[in-house]
Structure formats: C-alpha cells, structure tokens
1. What dipole magnitude, in Debye to the nearest 20, does the chain give about its Cα centre under +1 on Lys/Arg Cβ and -1 on Asp/Glu Cβ?
2. Just to make sure I understand: if all protein chains stay in place, what is the order of Met151, Met1 by accessible area at 1.4 Å, largest first?
3. On a 1.4 Å probe surface of the protein chains, which of Lys245, Lys55 comes out largest in accessible area, and what is the full order?
4. Name the residue from Val131, Gly101, Thr10 whose Cα lies farthest towards the positive end of the charge dipole of segment 1-142, charges +1 on Cβ of Lys and Arg and -1 on Cβ of Asp and Glu.
5. Mean 1/r over all different Cα pairs, inverted: what Kirkwood radius does segment 118-252 give, in Å?
6. Dipole size in debye (nearest 20) for segment 155-202 around its Cα centre, Lys and Arg Cβ +1, Asp and Glu Cβ -1?
7. Enumerate the amide H contacts of Tyr64 below 5 Å, restricted to partners 5 or more residues apart or on another chain; note that Pro and chain-start residues carry no placed amide H.
8. If I take all pairs of Cα atoms in segment 63-152, what percentage of them are more than 22 Å from each other?
Amino acid sequence: MWKTGVCSVTFREKSVDEIIELASQADLHSIEWGGDVHVPPGDTSAAARTAEKTKDAGLDVSSYGSYYKAGVEQDTPFRTVLDTASALGAPSIRIWAGVKGSNDIEPEERQQVIRDIQDAASLAKDKGIGVHLEYHGGTLTDTAESARHLMEELHHPNVQLYWQPAVGLSLEERLDSIETVKPWIRHVHVFFWRGTTRYPLEDGQEEWNAYFQQIPDSGDRYAMLEFVQDDDPEQFLRDAAVLHKLLTPDRP
C-alpha cells in the first residue's frame, strides 16, 4: 500500500512546526525529517520533540533523511545517526553510497563503502531500523546497473533502495532502471524536473503514472514529495493533490 509524504528538505527554511502544518494541510501520511537542518544528528532531544509533534499531528515519521556517506571519514559516526533516528522514531535511515560515482571509484574504495554499509545495516537491524540508500549521481547508485551490482554485493537483508527519476534519462530509460533495481526499491522521492528545472507535478502526471505502475505497491511504501517549483508552499499543496490522484484515483 502506498503512503504519501514529504521530505523536510523541500522547505529547509521553514520550521518543524511549519512543515508539519503544511503536511497536514496536504493530507499526507508522513514526513521524512532531514538531518541537515530540522533534526541534526546527535541532538536526540530535538529528535524526540519532533517525533512527538509529528505524532500529535496524526502523521508518521517515514524515515530519517541523513547525510551519512558510507566509506569516507566524517565528523558524525553512524552510531550517532542511528541514535538520532531511534529518538525520532524513524523506521529507516537514508544514507549515501559513498561520494564517488561508479566509474570514478577504485576497487579498494568500493569495498570500503560496501563494508561500511554492511556494518551500518547490522547496527541498525539491532534497533529494528532499516538502512536505505539514496539513489543519486556521484555515488555507487548513480546508474541502475551499478545500484543492482552494489545491492548484490551487499547481500544484506536490512538494506534497500530509494528510487527517483535520474536526471538526463528518457521515460523508457527510467522505466528500465526501475525494472533493474525493482527487488530492492523501498521508497520513492517524487518530483518533476526537465533537466534540473522544476515543474509542477501536474505536468509529469503521465510519467509518474507509468513509474507507479512499474513499482509494486506491496508493504508500507512511501511516495515522498521532494522539492517543488520555486519552493512555493501553494505549489506544494497542488503537487500533493496530484500525488493523491496518482495513488488513489478514486479519491473524492
């Protein structure tokens, strides 16, 4: 069953309360709280407060959108990210599969990314939290083939993938990419761009209908709005209405 949501990074300049209000106005199910602004890693008190506010508004926390980058040295260890996600009540954590694309990484670096993801997934599994990889350029999920290869190498039951339309590909290529990584897709980031220019989701209804038909809707799967034209709250509400129509065409 598809559930709807929004990524808080869509409105980085807005407060937690304002994002909750927007999500409620849009009649969404959930919020993915980002770790860059709204729920910083290590601030478990803020995470717990955000969790309580989200729940009080009748919304789910779909995931913790962290910026943990596997396989590289960074200031925040994964255990800190995990503790924050736990305080937030997040069922999953989004992390990034390194900082280099599949054609730019050395074999030893790739293995380090794999080991780090496996270690993170095992730690998270002990807390009942999944680990999901961002589907993004500049990482080992920059192509569907690389993402599939990575998931096969990881071979970890607690690792799954996000999916989003890759920039620069045709509709047919994107549908092929879904087919390539379909066994591992958990959640989807929803937006409509031409190149890197944002457009109303209404303009992309036909494409998104094709994507949703290609992705199985078994289990609790979140379709989360991410970024809107001109960062406009009114456009966000219109996009949310389109998302509802795509996922529940019989909705009044």
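The values are calculated or read from the model by the stated rules, or taken from the named source; none is laboratory data. All of these numbers come straight from a predicted model, not from anything done at the bench. Here the Cβ is made from the backbone with ideal geometry for all residues, glycine too, and neighbour counts use every protein chain on show. For the accessible areas, the whole protein counts, side chains as well, though only heavy atoms, and no ligand, DNA or RNA atoms are used. Shrake-Rupley method; radii C 1.70, N 1.55, O 1.52, S 1.80 Å.
1. On the way: 24 positive and 43 negative charges, 120 e Å.
Once rounded to the nearest 20, the dipole reads 580 debye.
2. On the way: Met151 10, Met1 125 Å².
In descending accessible area the options line up as Met1, Met151.
3. Details: Lys245 135, Lys55 160 Å².
The ordering from most to least exposed comes out as Lys55, Lys245.
4. Value computed over the given set: Val131.
5. Values: mean 1/r = 0.0631 Å⁻¹.
Every distinct Cα pair counted, the radius reaches 15.9 Å.
6. On the way: 5 positive and 5 negative charges, 41 e Å.
Rounded to the nearest 20 debye, it is 200 debye.
7. Here Ser92, Ile93, Arg94 satisfy the definition.
8. Numbers: 878 of 4005 pairs.
It works out to 22 percent of all Cα pairs.
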